[in-house]
1. Which peptide among 128-138, 195-205 comes first, and what is the full order, when sorted by highest mean count of other Cβ atoms within 10 Å?
2. In terms of Cα to Cα distance under 19 Å, which aspartates and glutamates are near enough to Lys199, apart from those fewer than 8 places away along the same chain?
3. Among all the aspartates and glutamates, which ones have a C-alpha under 19 Å from Lys185's C-alpha, if same-chain residues fewer than 8 places away are not counted?
4. To the nearest 0.05, how large is the calculated FRET efficiency for Ser184 and Lys135 if R₀ is 30 Å and r is the Cβ-Cβ distance?
5. Gain in length, Glu104 to Ala83, computed as 0.36 nm per residue apart minus the alpha-carbon separation, to one decimal in nm?
6. Can you send over the solvent-accessible area of Lys185, 1.4 Å probe, protein chains only, in Å² to the nearest 10?
Amino acid sequence: MTRRPTRLLTTVVAGTAAVLLLAGCGGSGGGAKANDKIAGADTGTGTETPASPTPSATAGRPEIALPSDLTYTFEWPKTGDKAKDAVLYDSQQLIKAVDMAIAEQKPLDKGYRFYSEGEAAAGSEKFIQEFVDYKDRITGAKRYYAVKVQVNDGGTASLVYCEDQNKAYNKSLKTGKTEVTPQSKDNYVLYSSRLRVNKQGIWVTEKLMSQRGSSVCQP
């Protein structure tokens, strides 16, 4: 039987990898401790706020349509910096586009491929395929918080953030049943990504690393 997929985007890497990128974004250079928070991370009000102005239709952005039983909270407030806010917005779109591809059972869906390339796109395709193989999708509520973004010279950027998956579950497309799992420290995930701005002005994720059960993201 195919292994049931977890609600984790891309491959879990060693905890130090995510923390190192965090330090590169201007956070603390020290190792993460049990009760550490992301140094300098922005915190929000608990509501989803678009991190950039309404995107232009001329950008060719794909429409993202998600199941009504899947909701998001992005505690990613606007920074006031146009480039940083665009990085945050396009990263939100990638997260949703991957979930849409899962819901529609399309491992090569153009939505997430619009916002990613290289290793990140390949990792997303593999992740989506696991859900397709098992005929599952994601339901429930996802929360994203403790975000830190840095835009570098030359049109590149780094992003670090946490995800709380405790209220997100796998739902079988074969039976319609939701697999409700208990809360766990493993449902807190630390992500770190590398992006670049393309010719269309879209911030594309090139590399995405993650650490499940990260102490940095624990409440």
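The values are calculated or read from the model by the stated rules, or taken from the named source; none is laboratory data. The structure presented is a predicted model; accordingly, all values stated were derived computationally and were not measured. Heads up, the Cβs are rebuilt from the backbone with ideal geometry, glycines too, and the neighbour counts pull from every protein chain shown. Surface areas here come from the heavy atoms of the whole protein model, side chains and all, with no ligands, DNA or RNA. Shrake-Rupley method; radii C 1.70, N 1.55, O 1.52, S 1.80 Å.
1. 128-138, 195-205
2. List returned: Asp85, Asp90, Glu117, Asp153.
3. Straight-line reach from Lys185, under 19 Å: Asp36, Glu163, Asp164.
4. For Ser184 and Lys135, the calculated efficiency is 0.80.
5. In short, 4.4 nm is gained.
6. In the full protein context, Lys185 sits at about 140 Å².
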